[in-house]
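The next block holds one structure in the form of structure tokens; read it before the comments.
The values are calculated or read from the model by the stated rules, or taken from the named source; none is laboratory data. All figures in this text were calculated on a predicted structure; none of them were measured in a lab. Virtual Cβ from ideal backbone geometry, glycine too; neighbours counted across all protein chains shown.
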Amino acid sequence: MDFYDPRDYLEEIEMESNEISEIQTFYANKTIFITGASGFLGTLILEKLLRTCKDLRKVYVLFRSSKKKNIQHRLVEYFNDPVFDRMKCENPTYYTQVTCIQGDLSLDQLGLSPDDRQALVDNTQII
């Protein structure tokens with residue numbers, strides 16, 4: 001039997017505090033490389049990082065290429081998912097923080113181009 005429970009309404013409670021959390025401090029001015037960003041967990045992780053850690057320097061996301069769509073087009077479609085709606089409102093400049101990298105986890109050296117690989121090696125602090 002269904003019944004109403006106030007916990008069923010899951011709108012997040014606004015934080016009244018202006019304090020910066022330990023997580024925000026940890027990720028401040030860092031560059032992150034995320035594989036699996038197009039999956040369920042990767043999508044949620046990226047959304048939460050971009051929404052709450054506005055001082056992130058950059059996030060590289062690995063996307064496989066597609067014969068029908070290039071990776072930039074896939075990234076635009078990816079951010080049209082409703083899960084990103086709140087993040088877009090709270091961090092409207094999110095797109096300046098995200099760089100899409102073409103690759104494939106099943107390939108040697110992730111199928112990265114030499115330039116992309118070097119950019120990741122030189123700039124990434126967190127994988």
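Is it the case, given these coordinates, that GLY36 is of a type in the set (Gly, Ala, Ser) and in a loop (DSSP other than H, G, I, E, B)?
It is true that GLY36 is of a type in the set (Gly, Ala, Ser) and in a loop (DSSP other than H, G, I, E, B).
For residues that are over 28 Å from LEU110 (Cβ atoms) and small (Gly, Ala, Ser), scanning just the range 1-57, find the one that is modelled with the lowest pLDDT.
SER17
For the range 116-125, state whether one or more residues are buried (at least 17 other Cβ atoms within 10 Å of the Cβ), in contact with a helix residue (DSSP H, G or I) (Cβ under 8 Å, 6 or more places away or on another chain) and touching a residue at least 40 places away in the same chain (Cβ under 8 Å).
No - not one qualifying residue is present in the range 116-125.
Against the conditions (1) touching a Gly at 6+ places or on another chain (Cβ under 9 Å); (2) crowded, with 17+ Cβ neighbours inside 10 Å; (3) within 17 Å of ILE126 (Cα to Cα); (4) not acidic (Asp, Glu), where does ILE101 fall short? Just the number, please.
Among (1) touching a Gly at 6+ places or on another chain (Cβ under 9 Å); (2) crowded, with 17+ Cβ neighbours inside 10 Å; (3) within 17 Å of ILE126 (Cα to Cα); (4) not acidic (Asp, Glu), ILE101 violates only (1).
Enumerate the pairs (first residue in the range 71-99 and farther than 23 Å from ALA119 by Cα; second residue anywhere and in a helix (DSSP H, G or I) and of a type in the set (Val, Ile, Thr)) with beta-carbon separation below 7 Å, excluding pairs fewer than 6 apart on the same chain, so at least 6 apart or on different chains.
So the pair list comes out as ASP81/THR43; VAL83/THR43.
For the range 43-65, state whether one or more residues are in a helix (DSSP H, G or I), of a type in the set (S, T, N, Q) and farther than 16 Å from THR124 by Cα.
yes
Would you confirm whether any residue within the range 98-115 is at pLDDT below 90 and either out of contact with any helix residue (DSSP H, G or I) (no Cβ under 7 Å at 6 or more places or on another chain) or not in a helix (DSSP H, G or I) (or both)?
no
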